[in-house]
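See structure below.
Coordinate-derived values only; no laboratory data. Small disclaimer: the values here were computed from a predicted structure and weren't measured. So basically every Cβ, Gly included, is an ideal-geometry build from the backbone, and we count neighbours across all protein chains shown.
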Amino acid sequence: MAKPSQRVPLYTQIRQYILKQIEQKIWLPNDKIPSENEFAEQFKVSRITVKNALSELIEDGLIFRVQGKGSFVSPTPSGEPLIYHSEPTNNKNKDLVAYLMPRLANTFTAQMLDGIESELSKQGYRLIFCKTHDSQETEKEILREVINLGVKGIIIFPVDGETYSEDILRLTLNEFPLVVVDRYLRGIETNCVCADNVEGAREATSHLVSLGHTRIGFISTAFQGTTSIEDRLSGYEKALAEHNIPVDHRLRLVQFDTEQMNLILEDGIADEPIKKEIQSFLQQNPEISAIFAANAAVGLSVIEAAVEIGIRVPEDLSVVFFDNYELSAISSVPPTCVSQEEKNIGAEAVRLLVSIMENPKQERKRIILPTKLIVRKSTASCKVVQNSL
């Protein structure tokens, strides 16, 4: 008596369908595949059934998922080549580590580089340092170049505004030793080391509140996608909430271009259009008695803009900003700031990277390091009676 044919589970049928689409090159490497809802509708099954099919394919490395974007076909030997191969052909460079940074324009970036180079030397590695010039395209090209050189690991300081990097995702999925510094990329679970931007901003804003300020402005470069700036805004709002001060969006100025803003760090003079816009903002909001600036370039521009139109710092306007300033001791108004202890960030990134190089399959880590508020002469007690309501 013949055995009755066994029924093929629905999730297996869906899995086989997806495999066939890939094998026949209907779906190519890095192509986005239909969503769980679309598969469920196509096969008239539940999303749980679809999820089971996709989970097996993810475990097998045939597809990968990006949070908020969907599922994609993984690169394969028959399709687009990977930017990373598990066995680099250039073995003579096995002790090389690459560090990619957008710019080297101030003490913050220099101290980060120093921390990375010093710790790498202690650990017996040599450094390749590359500037990406705030260009995602340049970042992509350099990543491919250093991989071809046979580096053993990479530390990367992402370009401002970068929300997603296909190459960083691929390297992470293929267990290439990589650590992101200064910020993290939403939707990509990478190893990263950064300062506690939320707590640093909360402490700085709370310092202003303790001096009697309730109308506190927030000024930054455009921050959408740059998690470090987003977290500083979050810390600023958290401090206001803790002291029962309403969040007033009119007291924000957050659209400045990063490259333009950073000119003050190179030239020692604020960009003229930026300065004019800050002055207009301060004149239109005379009730503001304090400013929390997202970084040193913004904070120094605020001080210059204010003084130029007769607003005294700190007598009329207190200013605190993120990142220490190397010329504080000789500044006409030594600034109060939040130090990220960037040298420690660099050293910690190296220690994490070395750990990953020794054990690539370990669980990914996000290391958050404490900041330090340095109180100088740019903040003072509020001399204006304010109504925070």
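Across all Cα pairs in the range 184-327, the calculated P(r) in 10 Å bins from zero up to the longest distance comes to 12, 43, 35, 9, 1 percent per bin.
Between the helical axis of 136-149 and the dominant principal axis of the chain, each derived from Cα atoms, what acute angle in degrees is found, rounded to the nearest 10? Roughly 60 degrees, rounded to the nearest 10. Simple spin-label estimate for E308 and Q21 gives 5.6 nm between the two label positions (7 Å along the Cα-to-Cβ direction from each Cα). Every helix of 4 or more DSSP H residues in the chain counts as -39500 (n - 2.57), and over all residues that averages to -12500 deg cm²/dmol at 222 nm.
Is the shape of the chain best called rounded, prolate or oblate, per the rule: a/c under 1.5 gives rounded, else a/b larger than b/c gives prolate, else oblate, with a ≥ b ≥ c the square roots of the Cα gyration tensor eigenvalues? Provide the component values of the computation, followed by the final result.
Working: a/c = 2.76, a/b = 1.78, b/c = 1.56.
Prolate, since a/c reaches 1.5 and a/b exceeds b/c.
Report relative contact order for the chain in percent, whole number only (criteria: Cα-Cα under 8 Å, sequence separation at least 6).
On the way: 695 pairs, mean separation 64.8, N = 389.
That works out to 17 percent.
For S35 and D248, the FRET efficiency from 1/(1 + (r/R0)^6), where r spans their Cβ atoms and R0 equals 41 Å, is about 0.55. Across the range 176-236, the relative contact order, built from alpha-carbon pairs under 8 Å that are at least six residues apart, equals 40 percent. Dipole orientation for the range 197-339: of the candidates I278, G200, V247, V247 has the Cα lying most toward the positive pole (charges on Cβ; Lys, Arg +1; Asp, Glu -1).
Pairs of Cα atoms under 8 Å, at least six residues apart: use those to get the relative contact order of the range 197-339, whole percent. Write out the running numbers ahead of the final one.
Working: 231 pairs, mean separation 37.2, N = 143.
The normalised contact order for the range 197-339 reaches 26 percent.
Against the longest principal axis of the chain, how steep is helix 342-358, in degrees 0 to 90 to the nearest 10, with axes from Cα atoms? Around 10 degrees separate the two axes.
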